[in-house]
């Protein structure tokens, strides 16, 4: 993979319980992590669960585990995932994103949107992680632009991960992880899949006006959808998409996850 773009990932995280439950989803994440870990030096993660006024970048040497949820079993709150940070990389990211006036945050830890997937991808927690927040003041095309600006970092063995969900809705939520999904959710998920396959980034950015009611039901709030925009912004002309997981959980949580990588790469 030397002198080639490092793959980047969009990983659905769904319920925090995915962090501690062994399933075909967690097994797949572990397989992907094992295939990547020897070829990456650091991780940059865009999580649905760090939303800020202004743009922030984590700058600590060690990321403490943040338990940003409630109402779940104590087993979940006993999980510790505390990877090293990479302040030098954070400072370089800040410089590249200077037009967005980013702020380095020396106290920020790692939220469950990030650690609930990283604990399966890289359970040893030994790869440095930097998180970039979602600026609440930005429009969708500006989130996408951040990804485009950061593309050159992909040839430095830096793995970019977006952690969210294409469909994240409580309009049809079920405690049953295997509950059937409504047509509006599966239809929207398939439409976004098609746009991803065709590198139709404009449709993804303008999804609300294009898909109307299905989009409103599937994405009632945008925090879980926005990480997808960073990842497609990072996509190069030579990337091919590989869908890693395509099922739903809890009726209305699309767990569709994918990797972007150059076709010639053999990981």
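Please treat every number below as a calculation from the coordinates, not as lab data. Bear in mind the structure is a predicted one, so any value in this text is a computation, not a measurement. Cβ placement follows ideal geometry from the backbone for every residue including glycine, while neighbour counts extend to all protein chains displayed.
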Cα-based radius of gyration of the range 40-147 once divided by 2.2 N^0.38 Å, which approximates compact folds:
1.07
Two-site label geometry, residue 136 and residue 206: point separation in nm, points 7 Å out along Cα→Cβ:
2.9 nm
A student applying the Cα gyration tensor rule (rounded when a/c is under 1.5; otherwise prolate if a/b is larger than b/c, oblate if not) would label the range 55-116 prolate
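Tell me what the chain gives for mean residue ellipticity at 222 nm when only DSSP H runs of n ≥ 4 count, each as -39,500 (n - 2.57), the sum divided by the residue total, rounded to 500 deg cm²/dmol.
Helix contribution divided over all residues of the chain: -9500 deg cm²/dmol.
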The percentage of Cα-Cα pairs in the range 128-267 separated by more than 27 Å is 21 percent
Mean-square fluctuation check for the chain, GNM, Cα pairs under 10 Å: which of 166, 27, 57 is largest?
27
Using a Gaussian network model of the chain with C-alpha springs under 10 Å, which one of 197, 242, 75 is most mobile by mean-square fluctuation?
75
GNM, the chain, Cα, under 10 Å: largest mean-square fluctuation among 175, 134, 240?
175
Return an integer: the convex hull volume of the alpha-carbon atoms of the range 1-55, in Å³ per residue.
117 Å³
Where a ≥ b ≥ c are root eigenvalues of the Cα gyration tensor, a/c under 1.5 meaning rounded, otherwise prolate if a/b exceeds b/c and oblate otherwise, the range 100-163 counts as prolate
Segment residue 126-residue 35, extension gain: residue separation times 0.36 nm, minus the distance between their alpha carbons:
31.2 nm
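Percent of Cα-Cα pairs more than 24 Å apart in the chain, please.
Of all Cα-Cα pairs in the chain, 44 percent lie more than 24 Å apart.
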Could you give the distance between the Cα centres of the range 164-206 and the range 53-88, to the whole Å?
27 Å
